[in-house]
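I have placed the structure first, in the form of structure tokens, so that the comments after it can refer back to it.
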Amino acid sequence: MTNKEYVQNLLLANDIIYIDTSSLMNVEEFKVFIESYSEDFLNFGMKITVTREVCLEIVKHLSSEHIEKQTKAKRVIDIFKNFNTIFIFEDENLTSHEASFAFADSELLSRMTKSKTDYKQLLITNDKNLCIDAFNLNTLNSCKGQQIMVC
């Protein structure tokens, strides 16, 4: 199976696709991924959901004292602008106060748990611990539902 076939299978197998901040801030790889597969997302009618908390973390990085984080966050925004048709942004009414306290991992896990009964979900992440936690949602005894995939 080629990389393209693998990505197409993931698009077909899931109802909702999320991405975490660590994947976005890995800007070079993120850009290559989006450039390589944006057409597939469009052809399959799929979009990547950038949750409110992930948006807040990007805002936080834009204001960071670390120039490298600022630069990466600006590049993420540029990618968003260039490929806006494949993203769903939950970015209404973001405040710098909220951004200063943003932590997306717990919110992503919470949302995936709540949506588990109705939707097959995929989380794109570079965070090993988040990856393990999200995948382990498949083994919950008290909350059965659809498969959660992690890539």
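Here are a few things to note about the model shown:
- Over the chain, relative contact order from alpha-carbon pairs under 8 Å, at least 6 apart, %: 30
- Long hydrophobic helices in the chain, taken as whole DSSP H segments with a C-alpha length of 18 Å or more on their own axis and mean Kyte-Doolittle hydropathy at least -0.5: 27-43.
- Burial order of peptide ranges 64-72, 50-58, 137-145 (average beta-carbon count within 10 Å, highest first): 50-58, 64-72, 137-145
- The chymotrypsin sites (Phe, Trp or Tyr not before Pro) of the range 99-147 that meet both conditions, a loop assignment by DSSP and at most 12 other Cβ atoms within 10 Å of the site Cβ, are PHE101, PHE103.
- Qualifying lysines (Cα of each under 29 Å from Cα of LYS74; at least 8 residues distant if same chain): LYS4, LYS31, LYS47, LYS60, LYS128
We did not get these values from a lab; they are worked out from the coordinates using the rules stated. Bear in mind the structure is a predicted one, so any value in this text is a computation, not a measurement. Glycine also receives a Cβ, built like all others from the backbone with ideal geometry; neighbour counts cover every protein chain displayed.
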